[in-house]
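First up is the structure itself, then whatever we jot down about it.
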Amino acid sequence: MFKKAQSFFLIVMLFCSCQSSGDNSAQNENAVQDTIISAMEIEITEEALVEIIDNIASPVEMAALMNRLGVPFSKEYLASTCSVDALNTNFQMAYKLGVFGANLGYLNMYGKTASAIEYISAIKILADELSVGQFFDYTTLKRLATSNQNLDSLMFLSVRSYKEMDSYLRETHRSYLSSLMVTGLWVEGLFLATQVVKEYPNPAISERIGDQKIIITDILNVLNLYKKDPRFNDLIQSLEILNVEFKKINITYEIGEPETIEKDGMLVIVQHEKSIVEISDEQLKRIIEKTEKIRKKLISF
Amino acid sequence: MKRLLIILFAFLMICSFSRTASAQDPSELVGRCVLDVGENTTYLKDYVVKLPEAYSHDNIPIHKNTAILLKNTHYRLTICNSNDSKGQGVIQLYNDGKKVGSSISPETGKIYHSFDFLCNKTGSYQIWISFKGGEEGFAVGILSLVND
């Protein structure tokens, strides 16, 4: 029964791959767009861009928090992979690559390796279309997911593959795609957190959502480099609607000196300086609603 | 052992498709270091660092990177030296220009392979990697999450 299901899955995947690789006119259009958009990259150095992108926290940390708090897993929060072959611009594909990356991180963190295979396959299709498939080791990742063992290795290879793809996009003067991928990761991570907090209210998750105030500013700084492109401008407008709500959140700090403890042969540093996020139920509600709307719009293209 | 072989195999596969021939060694070092981070950890980022010898003790070369660290999160910062590295790597953490953590014990001066950081303030942190005494060196720093 399992072998039949596996064969069916492989046939479906092959069909999807064939469908997604034959549109020459779309590829030509993408090549022209790449040239135009990369020409806009004149206002910021590569080093500064890397710093901004590195500053965008990984959705893995958000998923880890949910797991630690005992929030049950739900596939309802995940984006569908069904339309992956309908995407025909690099803009759409890079954004979705980020979305699926966040979904894969969530699945891996909960050890849902069977479902992870679906996302690994979708990511591979998009990565190949964007010419970064060589950094996504589909065979090993699929084998690790299928065996349902070595979750650490699966997580490591998934995260590192994204890092490699991101670096290569920037090296090949396609930083605009890198910025879209990172935006997709972030929006999807925020969506996961807001859906979870809606169903399972928890102050730690609310605070983590409020913390995103720091990150949305960085994302908008990167996206604004490409605002002359109407699609980027539209994306910026969507995120600015969300940023209006984040700007209302107050973050205060309590001063304290770090404490170093040597325990069981390990060096442990406890930070006593604290950040305190003040986010009201009403503010949280508005962020949840706006994130839902924006995410729905962005994953439907 | 099986896990190690899988990771190394994966890395060799990635490297064989990589554009640059020099990318292989750092990737192997990253793969080896990830295995040394410890149990119940999740890899987040790596920083491959190759630095020249310092011209003077007042001007030790430092590799600086930034990362957002989140409140109520247990991180581990690990440093692994390449087999042919002359210098011993040191990893340090800064926030708002202030040192908040280091792989060198402030009490004993001993250099540790890693240190844990219990973060209570969300914000942008700087991860500095250098080599003891300003020696020439090649190392990788790993930022990981400790799953408590």
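Only the coordinates and a few stated rules stand behind these numbers; no lab work does. Quick caveat, the model's predicted, so the values are computed rather than measured. Virtual Cβ from ideal backbone geometry, glycine too; neighbours counted across all protein chains shown.
Karplus-based coupling profile of the stretch A:109-114, in residue order and whole Hz: 5, 9, x, 8, 6, 4, with θ = phi - 60° in 6.51 cos²θ - 1.76 cosθ + 1.60 and x standing for Gly or Pro. Between the stretch A:244-273 and the stretch B:121-147, the alpha-carbon centres lie 18 Å apart. In sequence order, the stretch A:159-164 has phi-based couplings of 5, 5, 4, 5, 5, 5 Hz under the Karplus curve 6.51 cos²θ - 1.76 cosθ + 1.60, θ = phi - 60°, and Gly or Pro positions carry x.
When peptides B:137-144, A:215-222, A:119-126, A:285-292 are sorted by average Cβ neighbour count within 10 Å, with the highest value leading, the order is A:119-126, B:137-144, A:215-222, A:285-292. Taking 0.36 nm per residue of separation and subtracting the Cα-Cα distance, full extension of the segment from A:Met266 to A:Leu69 would add 68.4 nm.
Simple spin-label estimate for A:Lys293 and A:Ser131 gives 3.9 nm between the two label positions (7 Å along the Cα-to-Cβ direction from each Cα). Across peptide B:39-50, the mean count of Cβ atoms from other chains lying within 10 Å of each residue's own Cβ comes to 4. Taking amide H positions as modeled 1.01 Å from N, with prolines and chain starts lacking one, the residues under 5 Å from B:Thr122 and 5 or more places away or on another chain are A:Ser275, B:Lys71. Summarising the amide proton neighbourhood of B:Leu44: residues at separation of 5 or more, or on other chains, whose placed amide H is nearer than 5 Å comprise B:Leu143, B:Ser144, B:Leu145. Note on B:Asp96 and B:Lys50: their simple-model spin labels are 3.8 nm apart, each label 7 Å out from Cα toward Cβ.
Of the trypsin sites (Lys or Arg not before Pro) found in the stretch B:105-148, the ones in coil according to DSSP and having at most 11 other Cβ atoms within 10 Å of their Cβ are B:Lys110. Applied to the stretch A:256-268, the Karplus parametrisation 6.51 cos²θ - 1.76 cosθ + 1.60 on θ = phi - 60° returns per-residue 3J(HN,Hα) values of x, 9, x, 10, 9, 10, 9, 9, 6, x, 10, 9, 10 Hz, with x for Gly and Pro. Each principal axis of the stretch A:174-301 carries a Cα extent, and these read 54, 37, 25 Å when sorted largest first. Using C-alpha pairs under 8 Å with a sequence gap of at least 6, the mean separation divided by the residue count of the stretch A:200-272 gives a relative contact order of 22 percent.
Between B:Asp25 and B:Asp58, the modelled label-to-label distance comes to 3.3 nm, taking each label 7 Å out from Cα in the direction of the beta carbon. In terms of distances greater than 32 angstrom between alpha carbons, the cross-link table entries A:Lys75/A:Lys274; A:Lys163/B:Lys121; A:Lys112/B:Lys110; A:Lys227/B:Lys98; A:Lys142/A:Lys296; A:Lys248/B:Lys99 yield A:Lys75/A:Lys274; A:Lys112/B:Lys110; A:Lys227/B:Lys98. Distance from the alpha carbon centroid of the stretch A:201-226 to that of the stretch B:72-104 works out to 26 angstrom. Distant-in-sequence amide contacts of A:Asn250, defined by a placed amide H-H separation under 5 Å and a gap of 5 or more residues or a different chain, comprise A:Glu278. Only aspartates and glutamates eight or more places from A:Lys213 in sequence, or on another chain, were considered; those with a Cα closer than 14 Å are A:Glu240, A:Glu245, A:Glu278. The Cα center of the stretch B:28-69 and the Cα center of the stretch A:51-92 differ in position by 27 Å. Remark: mean inter-chain Cβ contacts per residue of A:154-163 equal 5, using a 10 Å Cβ-Cβ cutoff to other protein chain atoms.
Here's the picture: a label point sits 7 Å out from the Cα of A:Glu257 along the beta-carbon direction, and within the stretch B:99-137 the residues with their amide nitrogen under 14 Å of it are B:99-101, B:106-107. Kirkwood hydrodynamic radius of the stretch B:40-146, from the reciprocal of the average inverse Cα-Cα distance over all distinct pairs: 14.0 Å. Shielding of peptide A:291-299 by partners, expressed as the average count of other chain Cβ atoms within 10 Å per residue Cβ, is 0.
Which shape class applies to the stretch A:146-239: rounded if a/c is under 1.5, otherwise prolate when a/b exceeds b/c and oblate if not, where a ≥ b ≥ c are the square roots of the Cα gyration tensor eigenvalues? Since a/c reaches 1.5 but b/c is at least a/b, the shape of the stretch A:146-239 is classed as oblate.
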